[in-house]
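Novice: Let me give you the structure first, and then I'll get to my questions.
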Amino acid sequence: MTPGPTITSQATEAEVDRNNLKITILGILGIGASILAARIFMALLADLRTDYFVVWGVSVCVFITLLMLQTIFIKSRTKLQMLMFLQGIAPAVLLFEYFYPAVSFPLFIGIFLSCFFYMIAANRGWTILANSLNIKFSFIAKNTIPKALTGVLIFSSLFAYTYYFEAGKFTKDLGQSVVYQLLDASQPLVEMWFPGVSFSQSGKEFFERIATTQLEKIPFEEAAKNPALAEFGKLPEKEKQKIIVEAGAKVRIAAESSFGAFPANEPVKNSVFIIVQSWTKDMKQKFGDVFSIVLTIIIFFSLKGFFALFHWLAALVAFLTYKFLIVTGFAYTNIESRSREFILLS
């Protein structure tokens, strides 16, 4: 195996940190962004609203941007790793109640792992930069951002576990809010199959509307077997209504046998919430902490899948900020006689 080439500096100045004040500013901003993202996530857990989720995503993007800038601008690995550690433990200032008088083990592990992944991410970016002849921002970001985001999401998932399951702050009102929002979000898709159906309708109206849609779309084979069905659209309104009521009752009975009760006069969304609440309680009793752990893992991979779609956005924001700081003189590039460029804080 051929060893990698040793890069000997031939620049007019050493590749070392020259401005500790700017390093301190970057560090303070990073710590502040870490605390802010944690604070917004706390608000999101207390009230699961879409706008809170969006604001939290933006705050995470800001934090990742600052982490990237620190990785590129700071030359001392020791200083860089210290900043990563401080940014990882920074949210603990908001979470004193989970560490005293009793320590929350899952949250402690979440903070420890976030520190670990931040340090791994920064070290990877620092190493690539130190051993590259050119500053390739996109390549550094590709190797840094996913690891840093993993740290953020591990902390967030374990904090959610602590908040909801250990501290027991998942209230009935919060559960209703989640279920209702999910049902509202699925409404356009449901209406594609069953026009006029709404989860706000009573159980009787909801299933009768489904039955109506099905009766209006009778397959040719069934119509051939039952001529009355083929003529459904031509029946008097009274006869049609009678058939709809009977069919709706049958559909509701079939749904209740699979899922649970859908009272005729109760809004369907209320019934769905009661069914989900009962199912969750049964799973909790049956599997204990295993159910909570599995749910936390699902939360982690759901968040990871969502943020995977927006790696490029965090990288773009970081790159534009990096270029802006170069243009404004916050930092500058230097080139060795062997055409190896590096960057220093001015």
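What follows draws every value from the coordinates through simple rules; no lab data is involved. Remember, it's a predicted structure, so these values are computed and weren't measured experimentally. Every residue, glycine as well, gets a Cβ built from its backbone with ideal geometry; the counts of neighbours run over all protein chains shown.
Novice: Can you give me the relative contact order of the chain as a percent, contacts being Cα pairs under 8 Å and 6 or more apart?
Specialist: Numbers: 367 pairs, mean separation 81.1, N = 346.
23 percent.
Novice: Could you tell me which trypsin sites (Lys or Arg not before Pro) in region 159-210 are loop residues by DSSP with no more than 12 other beta carbons within 10 angstrom of their beta carbon? Before the final figure, lay out each step's value.
Specialist: Details: sites: Lys169, Lys172, Lys204, Arg209; in loops: Lys169.
Those satisfying the criteria are Lys169.
Novice: Right, here's the next one. With mean projected area of the Cα convex hull in nm² as the read-out, I listed (1) 25.8; (2) 20.5; (3) 26.8; which label goes with the value calculated from this structure?
Specialist: Read-out taken from this structure: (3).
Novice: Quick one: Leu113, Leu133, fewest Cβ neighbours within 10 Å first, how do they rank? Spell out each step's value before the answer.
Specialist: Values: Leu113 16, Leu133 13.
Listing Leu113, Leu133 from fewest to most nearby Cβ atoms yields Leu133, Leu113.
Novice: Between helix 20-46 and the chain, what is the angle of the helix's C-alpha long axis to the longest principal axis, kept within 0 to 90° and rounded to the nearest 10?
Specialist: For 20-46 against the chain, the angle is about 10 degrees.
Novice: Restricting attention to the alpha-carbon atoms of region 9-153, what are Rg (one decimal) and Dmax (integer), both in Å?
Specialist: 16.4, 57
Novice: Continuing with the same structure: How about region 27-85: which trypsin sites (Lys or Arg not before Pro) there are in a DSSP loop, with at most 15 other Cβ atoms within 10 Å of their Cβ? Before the final figure, lay out the partial values.
Specialist: Values: sites: Arg39, Arg49, Lys75, Arg77, Lys79; in loops: Arg49, Lys75.
Of the trypsin sites (Lys or Arg not before Pro), the ones in loops of region 27-85 whose Cβ has at most 15 other Cβ atoms within 10 Å are Arg49.
Novice: Now for a different question. For region 34-151, calculate the relative contact order in percent as a whole number, restricting contacts to Cα pairs under 8 Å that are 6 or more residues apart.
Specialist: Numbers: 106 pairs, mean separation 33.4, N = 118.
The normalised contact order for region 34-151 reaches 28 percent.
Novice: Sticking with this structure for a sec: Expressed as an acute angle from 0 to 90° and rounded to the nearest 10, what is the orientation of the C-alpha long axis of helix 137-161 relative to the principal long axis of the chain?
Specialist: Result, in degrees: 50.
Novice: Working from Cα positions, state the angle (0 to 90°, nearest 10) between the long axis of helix 50-73 and the longest principal axis of the chain.
Specialist: Tilt of helix 50-73: around 20 degrees.
Novice: Please compute the modelled spin-label separation between Phe194 and Phe53, points set 7 Å along Cα→Cβ, answer in nm with one decimal.
Specialist: 2.3
Novice: How would you rank Ile28, Ile140, going from fewest to most other Cβ atoms within 10 Å of each one's own Cβ? Could the numbers behind the result be given before it?
Specialist: Details: Ile28 13, Ile140 24.
Going from sparsest to densest Cβ surroundings: Ile28, Ile140.
Novice: Starting with the fewest neighbours, write out Met192, Met119, Met42 ranked by other beta-carbon atoms found within 10 Å of each beta-carbon. Can you show the working numbers first?
Specialist: Working: Met192 8, Met119 21, Met42 16.
Fewest-to-most Cβ neighbours within 10 Å comes out as Met192, Met42, Met119.
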